[in-house]
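The values are calculated or read from the model by the stated rules, or taken from the named source; none is laboratory data. Not measured: the values here are computed from a predicted model. Cβ atoms come from the backbone with ideal geometry, glycine included; neighbour counts cover every protein chain shown. For the accessible areas, the whole protein counts, side chains as well, though only heavy atoms, and no ligand, DNA or RNA atoms are used. Shrake-Rupley method; radii C 1.70, N 1.55, O 1.52, S 1.80 Å.
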Amino acid sequence: MAGFFNRLKESLTRTRQNLVQKVEELVTGRTRIDDELYDELEEVLISADVGAETALELVERLRQRVKAEKIGDPAGLKDLLQQEIAKVLGERTATVNLEHQPAVVLVVGVNGVGKTTTIAKLAHRCREEGRQVLLVAGDTFRAAAIDQLEVWGRRIGVEVIRHQAGADPAAVAFDALQAAKGRGVDVVIMDTAGRLHNKTNLMEELKKVNRVLNRAMPGAPHETLLVLDATTGQNAINQARIFDEAIGITGLVLTKLDGTAKGGVVVAIRAELAIPVKFVGVGEGLDDLRDFDPAEFARALFAGDGEEEEG
Amino acid sequence: MAMFEGLADKLQDTLKKLRGKGKIDEADVTAAMREVRLALLAADVNLKVVKDFVGRVKERAVGQEVLASLTPGQQVVKVVYDELVALMGGDTARINLASRPPTVIMLVGLQGAGKTTTAAKLGLFLRKQGRRPLLVACDVYRPAAIKQLEVLGEQLDLPVFNLGTEVSPVDIAVKAIAEADSQGRDVVVLDTAGRLHINEELMDELRAIKVRVKPQEILLVVDAMTGQDAVNVAAAFNRDLEINGVVLTKLDGDARGGAALSIKAVTGCPIKLAGVGEKADALEPFHPDRMASRILGMGDVLTLIEKAQAAVDADTIREMEMKIRKADFNLEDFLAQMQQMKKMGPMDQLLGMLPGMNKMKALKDVEIDEKEMKHIEAIILSMTPEERRNPQVLKDSRKRRIAKGSGTSVQKVNQLIKNFEQTRKLMKQFADFRGPKGPGKGGSKGKGKAKGGFRLPFFKV
């Protein structure tokens with residue numbers, strides 16, 4: 001647990017440094033809690049892409065707690081804010097549901113968020129857990145997307161079901177599930193082409209893939225993961241909303257958290273749409289896909305240096 | 001689009017009560033600036049940039065005379081818009097070409113920004129301008145990145161230079177330029193690997209390429225959906241490489257693209273090109289003024305007007321506009337207009353460009369069905385000129401005749417008439433709502449500046 005925490009912490013160091021530094025700048029050297037302090041806290045959240053409205057709400061809750069609990073010392077505000085964020089992010093979430101035989105995982109998202117890389121990491125992880133994995137090259141649109149998945153498949157030692165470029169992804173989905181049943185694999189992970197959520201025809205294509213999976217195997221897909229780039233701003237809310245409306249999203253994967261982007265928009269998504277984050281991508285290595293733990297995520301964002309040992 | 005209520009609309013609401021006031025005072029502006037701040041933040045403009053911007057607008061707006069034709073709300077929108085255009089840079093920036101070929105253009109950016117796709121699109125873009133581009137695959141890290149560029153090159157019939165994944169990107173770039181020389185290629189487009197701006201090792205590699213091949217253009221490729229972090233990314237790339245410009249990708253999404261403003265403000269570099277679709281030809285010169293409208297949620301009025309101007313003659317529009325304003329608009333005009341609009345392209349595209357669509361509650365869920373349009377046309381064509389000009393004369397027997405003549409039903413005819421009346425009312429409101437105007441009022445403002453004048457009716461039977 002401590003090892004996990006340290007890795008998460010490491011990957012979030014930049015996020016944390018920025019935020020913690022800012023929060024600490026705010027609370028040190030102040031003797032009382034005033035509007036200016038609240039405004040500045042709100043700004044820290046906005047800068048982390050939490051979004052103006054959600055930031056406003058969080059700070060409002062903070063105000064109410066301060067009032068209700070008669071808190072006078074500004075130094076306690078950081079912890080309180082952290083608690084409020086963790087509360088929004090929810091209790092510790094279950095990770096992906098892989099109990100079905102085979103479990104079918106559909107991975108979707110807009111262009112360039114890191115779907116294929118995430119799939120490779122997830123497949124690797126399943127392999128490490130001793131599961132037999134089948135990858136499905138459902139991105140038949142982007143040039144060389146199939147090759148990209150195949151390169152990963154070779155590296156991890158996992159078979160990839162593919163059709164020609166330009167083929168109907170629903171047909172690939174169907175074949176893949178037949179193959180999966182025949183081979184008795186444990187997990188089927190399907191890649192899809194990146195698509196902007198406002199492209200109606202592409203979203204229809206995705207719905208078809210979803211329908212075909214379900215027809216070929218009732219209950220499938222068992223997990224539908226929306227991959228979000230942590231660098232994305234408020235548009236991620238639209239992405240989550242529209243993909244969810246189209247095919248039902250069971251969880252988010254937040255990628256590229258190893259940069260300076262903070263991915264705060266997931267707080268807004270969780271608050272608005274109640275979709276949990278299940279994984280975070282924290283680097284380019286195959287091992288860099290981590291479970292998302294709301295409490296620790298919030299703590300890692302706000303914890304001061306001496307505190308993390310408790311976790 | 002439907003998610004957002006445009007800033008223009010919000011400001012209208014906030015400042016509605018001020019209608020008729022002669023001057024904007026500080027209290028008005030403070031209320032308005034709250035909305036401006038929220039709108040810009042919702043569009044992902046960086047917080048610091050927003051603060052500076054709001055401060056400047058506030059200064060400018062206080063004490064301004066409200067132009068006779070504008071409400072205070074509109075006046076504030078005008079100030080905001082003007083400032084935003086000024087900040088974005090008014091003119092479309094061009095790609096620098098070397099005096100002595102080959103020109104080297106280097107594309108850099110984070111993972112997933114769209115560099116490889118942009119490289120291919122840029123190749124096509126340049127060829128259309130009579131250049132002979134060579135695409136170069138310098139991304140030796142991402143699996144199948146080279147293959148991706150090769151496939152794209154093949155599709156577009158553009159040559160692609162690569163040395164596999166075992167050669168350093170610096171050497172690939174150097175050899176590519178020698179190759180371009182020998183093949184008579186006059187522009188070299190370097191596709192580099194995506195990297196984090198905080199990855200020193202990979203940033204060093206880009207610096208090394210820069211030192212060796214001295215590109216005329218280093219373009220930072222940025223996803224239009226980028227949030228607050230855009231400033232950090234742009235500032236870091238600019239510090240390390242001194243970028244010349246930006247390519248904004250995925251603008252065909254529904255992100256407001258506030259990152260564009262942040263990047264311009266932080267680096268001072270112009271945004272030169274915009275990726276606007278999946279197809280290879282979907283790369284366009286970037287128009288800062290249009291982006292300002294988009295960030296504000298004002299719709300892409302200029303594009304709409306340009307489309308309209310390309311397809312419809314100006315006199316007809318002017319005549320139509322007068323009629324709309326006077327609410328003296330009948331089915332005959334509607335038919336004429338519908339026929340004009342057919343020339344402009346698919347309806348839903350046109351609709352998306354209109355500002356204030358959210359305000360029109362009745363239009364919010366309008367789905368434009370081309371088949372329905374045909375029915376409408378058939379119904380109107382089955383009317384006598386008298387009936388078209390004056391739908392009030394339509395009694396049951398006439399309606400039955402029209403239904404028969406058009407192959408529809410009396411219900412459809414009734415629906416059309418009812419919707420037409422509603423639309424006429426809506427249009428009157430629409431006509432009353434005049435968007436912000438260009439600097440100065442009245443007079444001929446020339447092509448592309450005639451905002452706020454051209455309105456179209458839409459409805460569904």
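Considering A:Asp191, A:Asp186, A:Asp175, which residue is modelled with pLDDT of 95 or more and open to solvent by less than 30 Å² (accessible area, probe 1.4 Å)?
Of the residues listed, the single one that is modelled with pLDDT of 95 or more and open to solvent by less than 30 Å² (accessible area, probe 1.4 Å) is A:Asp191.
Out of B:Asn232, B:Asn238, report the one residue that is closer than 28 Å to A:Arg241 by Cβ, more than 16 Å from the chain's Cα centre (by Cα) and not in a loop (DSSP other than H, G, I, E, B).
It is B:Asn232.
Could you list, in sequence order, all residues of the range B:206-225 that are in contact with a Lys or Arg (Cβ under 8 Å, 6 or more places away or on another chain) and either assigned to a loop (DSSP other than H, G, I, E, B) or open to solvent by 10 Å² or more (accessible area, probe 1.4 Å) (or both)?
B:Asp223, B:Ala224, B:Met225
What number of residues within the range A:160-193 are in contact with a Ser or Thr (Cβ under 9 Å, 6 or more places away or on another chain) and within 14 Å of chain B (Cβ to nearest Cβ)?
So the count comes out to 6.
Among the residues of the range A:133-159, write down those that are open to solvent by less than 30 Å² (accessible area, probe 1.4 Å), within 12 Å of another protein chain (Cβ to nearest Cβ) and within 24 Å of the chain's Cα centre (by Cα).
A:Ala137, A:Asp139, A:Ala145, A:Ile146, A:Gln148, A:Leu149, A:Trp152, A:Gly153, A:Ile156
Which of (1) assigned by TED's automatic domain parsing to the domain that holds B:Val222; (2) closer than 18 Å to B:Lys210 by Cβ is the odd one out, the single condition B:Thr116 does not satisfy?
Here B:Thr116 meets the rest and fails (2).
I need the full set of residues from the range B:279-303 which are at pLDDT below 90 and in a loop (DSSP other than H, G, I, E, B), in order please.
Result: B:His287, B:Gly297, B:Met298, B:Gly299, B:Asp300.
Which residue out of A:Thr232, A:Thr250 is of a type in the set (Ser, Thr, Tyr) and more than 12 Å from chain B (Cβ to nearest Cβ)?
So the residue among A:Thr232, A:Thr250 that is of a type in the set (Ser, Thr, Tyr) and more than 12 Å from chain B (Cβ to nearest Cβ) is A:Thr250.
Answer yes or no: is there a residue in the range B:188-205 that is more than 13 Å from every other protein chain (Cβ to nearest Cβ), under 25 Å from B:Pro270 (Cβ atoms) and open to solvent by 10 Å² or more (accessible area, probe 1.4 Å).
no
Being in contact (Cβ under 8 Å) with a residue 12 or more places away in the chain and outside the structural domain of A:Leu273 (by TED's automatic domain parsing) narrows it down to one of A:Leu177, A:Leu149, A:Leu98, A:Leu135, so name that one.
None of the others qualify; the one that does is A:Leu98.
Given the criterion in a helix (DSSP H, G or I), open to solvent by 10 Å² or more (accessible area, probe 1.4 Å) and at pLDDT 65 or above, identify the matching residue among B:Val50, B:Val36, B:Val54.
B:Val54
Go through the range A:123-170 and count every residue that is touching a strand residue (DSSP E or B) at 6+ places or on another chain (Cβ under 8 Å) and of a type in the set (S, T, N, Q).
Count: 1.
Out of A:Ile269, A:Ile237, I need the residue that is over 17 Å from A:Thr116 (Cβ atoms) and either assigned to a loop (DSSP other than H, G, I, E, B) or within 11 Å of chain B (Cβ to nearest Cβ) (or both). Which one?
Sole residue among the options that is over 17 Å from A:Thr116 (Cβ atoms) and either assigned to a loop (DSSP other than H, G, I, E, B) or within 11 Å of chain B (Cβ to nearest Cβ) (or both): A:Ile237.
Report yes if A:Val66 is at pLDDT 95 or above and open to solvent by less than 20 Å² (accessible area, probe 1.4 Å), otherwise no.
Answer is no for this residue.
Collect the residues in the range B:101-150 that are crowded, with 24+ Cβ neighbours inside 10 Å and of a type in the set (Lys, Arg), keeping them in residue-number order.
Result: B:Lys115, B:Lys121.
Restricting to the range A:87-121, give me the number of residues that are at pLDDT 95 or above, open to solvent by 20 Å² or more (accessible area, probe 1.4 Å) and under 10 Å from A:His222 (Cβ atoms).
Residues in the range A:87-121 being at pLDDT 95 or above, open to solvent by 20 Å² or more (accessible area, probe 1.4 Å) and under 10 Å from A:His222 (Cβ atoms): 0 in total.
For the range A:179-219, enumerate the residues that are part of a loop (DSSP other than H, G, I, E, B), of a type outside the set (A, V, I, L, M) and under 23 Å from A:Gly114 (Cβ atoms).
Across the range A:179-219, the qualifying residues are A:Asp191, A:Thr192, A:Gly194, A:Arg195, A:His197, A:Asn198, A:Lys199.
If the requirement is being at pLDDT 95 or above and part of a loop (DSSP other than H, G, I, E, B), which of these qualifies: B:Gly153, B:Gly194?
Just one listed residue meets the conditions, B:Gly194.
Hey, any hits in the range A:205-219 for a residue that's under 30 Å from B:Ala42 (Cβ atoms) and within 14 Å of another protein chain (Cβ to nearest Cβ)?
yes
When you scan the range B:372-461 for helices (runs of 4 or more DSSP H) that lie fully inside it, which ones turn up with 3 or more residues that are at pLDDT below 75?
The helices (runs of 4 or more DSSP H) meeting that bar are B:410-432.
Since B:Leu134 meets every condition but one in (1) modelled with pLDDT of 95 or more; (2) away from chain A (no Cβ under 14 Å); (3) assigned to a helix (DSSP H, G or I), which condition does it not meet?
(3) is the only condition that B:Leu134 fails.
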